[in-house]
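The values are calculated or read from the model by the stated rules, or taken from the named source; none is laboratory data. Keep in mind that this is a model prediction, so the values were computed, not measured. For neighbour counting, all protein chains shown are included, and Cβ atoms are generated from backbone atoms with ideal geometry for every residue, glycine included. Accessible surface is based on the protein model in full, side chains and every heavy atom, while ligands, DNA and RNA are left aside. Shrake-Rupley method; radii C 1.70, N 1.55, O 1.52, S 1.80 Å.
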Amino acid sequence: MTSLPGGVPAPAPRPSAAVAFCPCPPLLVPAVEGRPAPETTALRAACVEAVTALLGARPEVVVVVGPGAARGERFGAGDGGALRGFGVDLELPFDGRLRPGRRRLPTAHLVGAWLLDQVAFAGTRVGIGPADLGQLLRDLPPTVGVLAMGDGSARRTVKAPGYLDPAAEPFDAAVASALATGDAAALAALDPAEGARLLAAGVPVWRAVGAALAGRHVTAHLRHDAAPFGVGYPVADWVVA
């Protein structure tokens, strides 16, 4: 560690970015799940831990990136989304209070906003799709927080939404390995066609994060990797120098 004159330790340099990778099943929101299941409770706890670690980097802005947003579409204060399609008459804001004429949030961004509420993030929130992540990270000053929302394959078991595909588990294992080792290049190289075939909705988001951070030093922590309902749910966090 370098020191200032007089032997006072210099403050550690701020990271350029911090990332939390979380899946986005609506069941993460307790009102949707109803009676809690052990699998969902463990997943929810892991997501809160990852987002708490993200905030440890002290970002002033957290970019919530997820599927469902069109190129150029951006969500912010006053926008919101509804969970009525999941059996709950509940509408949640992305940031602050809901406003008239608000833009409707995709489910991934709605769950991401709920997670930020759980850790009491009080800074600026921006919601985008994966196509806009790279440019936004170049435009924002350090330290930027990225909450990357996306599920793994929905074809892990015979009871999964897409039924069983033998390729699903190895595909998700490769994603988990990249998240655990901080291998941004491996995320960027994920096959989008194979991801779509395996119903892995997180692939466009993971590819975008990987492309934006390739070549940077990453300290990684994989917190959860399971498929309790036939869908891969990886949870991880990165600190990027």
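Quick notes on this one:
- Selection within the range 3-31 - of a type in the set (A, V, I, L, M, F, W, C) and at pLDDT below 90: 4, 8, 10, 12
- Strands (runs of 3 or more DSSP E) wholly inside the range 129-241 containing at least 1 residues that are open to solvent by 30 Å² or more (accessible area, probe 1.4 Å), at pLDDT below 95 and hydroxyl-bearing (Ser, Thr, Tyr): none
- All of (1) of a type outside the set (Phe, Trp, Tyr); (2) open to solvent by less than 30 Å² (accessible area, probe 1.4 Å); (3) under 29 Å from residue 17 (Cβ atoms) hold for residue 118 with one exception: (2).
- Odd one out for residue 86, checked against (1) among the aromatic types (Phe, Trp, Tyr); (2) over 19 Å from the mean Cα position of the chain (by Cα); (3) more than 19 Å from residue 47 (Cβ to Cβ): (3)
- Test for residue 96: is it under 23 Å from residue 206 (Cα atoms), open to solvent by 20 Å² or more (accessible area, probe 1.4 Å), part of a loop (DSSP other than H, G, I, E, B) and not basic (Lys, Arg): no
- Residue pairs meeting the criteria (Cβ under 6 Å; at least 6 apart or on separate chains; first free of Cβ contacts under 8 Å to residues at least 40 places away in the same chain, in the range 33-51; second surrounded by 14 or more Cβ atoms within 10 Å (Cβ to Cβ) and among the β-branched types (Val, Ile, Thr)): 33/40
- Residues that are assigned to a strand (DSSP E or B), within 30 Å of residue 188 (Cβ to Cβ) and within 19 Å of the chain's Cα centre (by Cα) are absent from the range 105-120 altogether.
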